[in-house]
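The values are calculated or read from the model by the stated rules, or taken from the named source; none is laboratory data. Here the structure is a predicted model, which means the values were calculated and not measured. Quick reminder, even Gly has a Cβ in these numbers, built from the backbone with ideal geometry, and neighbours come from all protein chains shown. All accessible areas refer to the heavy atoms of the entire protein, side chains included, with ligands and DNA or RNA removed. Shrake-Rupley method; radii C 1.70, N 1.55, O 1.52, S 1.80 Å.
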Amino acid sequence: MRNFIQDKGVTHSRLETELQQSMMKIAVILLLVALARQGYGQSCVGRCNDYADHSYTCECNSYCDTYGDCCPDYISTCLPTSTCAGRCGSSLNLNDPCHCNAGCENFYDCCADYATVCTSGGGGGGSCSGRCDDLLDSSMPCQCNSQCENHGDCCSDYNSICNSGGGGDGGNTGSCNAISVSNSEIQAVSLEMWDLDVNRAGAGDIILNPQATTSDSSTVDNSPEPFFTAVNPAVLQQPTYQALIALLDNYQKVEGIDEVSSPQEEAEQDNFLDLFVETAVGARLYDFLQSKNLAGCADIATFKDYLKRMWFGFYSRQNNAMDTSGFEHVFVGEIKTNQVSGFHNWVELYSREQDASLNYYGYVGMSEPNLYGVHFSWDGYMKGLSGSSIGTSPEMDLALFTLCHMTRPAAQCTVNIRTESGSVVSRPIQTWTWTKTYPGDGLKYVASAYFLI
């Protein structure tokens, strides 16, 4: 009997110990979850393609580009990339089709530009192509900003690419290789185009009624009145606006349904692009991109062909249907599953308020000059956050988004624009490219482009 009582005591003690250990493990897990949700969840490591979790500060799925809430490392962590630019020495990411560290040579899965970008034997220590004025990147074997001359770590082609007004052959030797575009050049030409935008709505042409702030997940209509109180009809009667409005009814709203362009719709696309390149804004964009060998290295007709394929060419987002284009996504908007995707143009926003298919819920953010992040429902589907520049002309939106798409694809691109008071401000634009299919000539389809508010 004594031995039995002692055995029972041992069993009870063991159960107590195991219970305490289990409770400690649970407490640690809960603590880690709490920490992640209070600020440590700003990374996409281990979260790629997860469902949205608004307890985190940012998201890591394909919708985050639409809502503008991607984590800072979303591109590098979750999107496949086939270049080593900015990735030399990076750790293995199984999402990527090729790699950029020493191990890739053993496994024969290096990216095509690994030797040129990451090794001294492939290009004298790396290249400055696409990297002029970039911040210090210690993972790269050489640097491409003004400080590299002081530190003696410039890439061998730094002077030819970054220090000679664009460098390279300047487009004068018959070569059509793209020439690097620096951040400062993007900011300079964007400001030039902004100042050339004579078709932009003027003071008093648009009267807004922003009403209440809201969140991108709210289902409560905090703003009972429309966002637009009035728009001067003369603004919308200008040729590029009329050409844009003619395009807005050419698309199926719901993704997964084949899009087909009729001859009339093709003519409307051509008319819009013809008018675009005739504006001072479009002409300046063409001249700049042509100087960088990015406009086709031919005549303006080739440039328009580039624009048409990048913006209006169809590709498939769902069900293998040719169901979308960059223009539809950015300028018109789409319904994806149970929410609105894209929709980043103020003329479309105003037009849909006018036909009562759009119900404005409030604004999530605002910055000068009239950059609004608005929250609304369209045909009963919610749009969490649509970043739009209110009052800019169609040619200005197309020019800025094209500039960023072609010089900083699938990245943030900082442009310079002016406030209504005349002050110059820098504002970020996020671009995304479609990476599964291509329109040819080294071009990439526009997947999305919008101001970050």
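Within the range 158-185, the set of residues being within 12 Å of Gln290 (Cα to Cα), open to solvent by 50 Å² or more (accessible area, probe 1.4 Å) and at pLDDT 65 or above comprises Cys176, Asn177, Ala178. Looking across the range 424-441 at every residue that is outside any strand (DSSP E or B) and touching a residue at least 24 places away in the same chain (Cβ under 8 Å), the one that is nearest to Asp69 (Cα to Cα) is identified as Thr435. Listed conditions (1) open to solvent by less than 10 Å² (accessible area, probe 1.4 Å); (2) more than 20 Å from the chain's Cα centre (by Cα) are all met by Leu307, apart from (2). In the range 356-404, what residues are assigned to a helix (DSSP H, G or I) and open to solvent by 30 Å² or more (accessible area, probe 1.4 Å)? Result: no residue meets the conditions.
Any chance you could count how many residues in the range 376-435 are of a type in the set (S, T, N, Q) and under 21 Å from Leu208 (Cα atoms)? Count: 8. Summed over the range 186-218, the residues that are open to solvent by 40 Å² or more (accessible area, probe 1.4 Å) and at pLDDT 95 or above give a count of 12.
Here's the yes/no breakdown for (1) within 13 Å of Trp311 (Cβ to Cβ); (2) of a type outside the set (Phe, Trp, Tyr):
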position: Thr402; (1), (2): yes, yes
position: Cys413; (1), (2): no, yes
position: Ser423; (1), (2): no, yes
position: Ser426; (1), (2): no, yes
position: Thr433; (1), (2): yes, yes
position: Thr437; (1), (2): no, yes
position: Gly440; (1), (2): no, yes
position: Tyr445; (1), (2): yes, no
position: Phe451; (1), (2): no, no
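Condition test on Ser223, is it surrounded by 14 or more Cβ atoms within 10 Å (Cβ to Cβ) and assigned to a loop (DSSP other than H, G, I, E, B)? Yes; evaluated as a whole, the condition is true for this residue.
Here Ala267 fulfils each of the conditions (1) aliphatic (A, V, I, L, M); (2) more than 17 Å from Leu358 (Cβ to Cβ); (3) open to solvent by 60 Å² or more (accessible area, probe 1.4 Å) apart from (3). Residues in the range 219-252 that are more than 17 Å from Asp197 (Cα to Cα), hydroxyl-bearing (Ser, Thr, Tyr) and modelled with pLDDT of 95 or more: Ser223, Thr229, Tyr251.
Matching residues to (1) open to solvent by 30 Å² or more (accessible area, probe 1.4 Å); (2) under 23 Å from the mean Cα position of the chain (by Cα); (3) closer than 24 Å to Ser386 by Cβ:
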| position | (1), (2), (3) |
| --- | --- |
| Pro263 | yes, no, no |
| Ala283 | yes, no, no |
| Phe288 | no, yes, no |
| Arg317 | yes, yes, yes |
